[in-house]
Amino acid sequence: MKKMSLLLIMACVLSFTSIGISNTVVHAAENGDNQTKQTRPTLTEQQKAELAAMHKEVMEKEKAIVEKYVEFGVMSKQNADMLKNHMDKRFERIQANGYIPPHPFGGTHPGKPPHENSPGTESNE
C-alpha cells in the first residue's frame, strides 16, 4: 500500500511538472478593437545550451532519486523504468519547444485578466 501511494504521488508530481511544458501556446489578447499577437521569445544558442545543461542535470538527479527508491525497495524496477522513460519524453518536449515554457510566466491566458503584478501592467502607486 505504501509503495502504491508513493508511486502515485511521484507520478502526480512528475505529470504536474510536465503539464506546463507539454503544449505551445500563442494567443491573441484583445486590446480595444485591435488584436495583438504575443509571440514566443527566442533564445540564443548559448542560452539554449545553458538551459539544456541545467535540464539534463535536474533530470539525472531525478533519475538518481528513482534508482534510490528501487534500491530501498520502495519502487519496482519496472515502475522505475517507466518513470525514467516518462522523464526522457518530458526532456524531449522541452527540447522541441526550444527550452521556452509554453505559457508566459506572469502573462495572461486566453479569457483571463492579467495578474496585478504581471509584467506590462501598470501599478497605481
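Just a few scattered comments:
- Being within 22 Å of the chain's Cα centre (by Cα), open to solvent by 60 Å² or more (accessible area, probe 1.4 Å) and at pLDDT 95 or above is a description that applies to residue 81.
- Pairs, first farther than 18 Å from residue 99 by Cβ in the range 33-44, second open to solvent by 100 Å² or more (accessible area, probe 1.4 Å) and at pLDDT below 80, C-beta under 9 Å, six or more apart: 36/30
Yes/no matrix, rows are residues, columns are (1) modelled with pLDDT under 95; (2) open to solvent by 90 Å² or more (accessible area, probe 1.4 Å); (3) of a type in the set (S, T, N, Q); (4) in a helix (DSSP H, G or I):
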| site | (1), (2), (3), (4) |
| --- | --- |
| 85 | no, no, yes, yes |
| 99 | yes, no, no, no |
| 116 | yes, yes, no, no |
| 123 | yes, no, yes, no |
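- Boolean, residue 108 is in contact with a strand residue (DSSP E or B) (Cβ under 7 Å, 6 or more places away or on another chain), open to solvent by less than 40 Å² (accessible area, probe 1.4 Å), at pLDDT below 95 and β-branched (Val, Ile, Thr): yes
The values are calculated or read from the model by the stated rules, or taken from the named source; none is laboratory data. Bear in mind that the values here come from a model prediction, so they are computed numbers and not experimental data. Cβ coordinates were reconstructed from backbone atoms using ideal geometry, including for glycine residues, and neighbour counts include every protein chain displayed. Quick note on the areas: whole protein, heavy atoms, side chains included, nothing else; ligands and nucleic acids left out. Shrake-Rupley method; radii C 1.70, N 1.55, O 1.52, S 1.80 Å.
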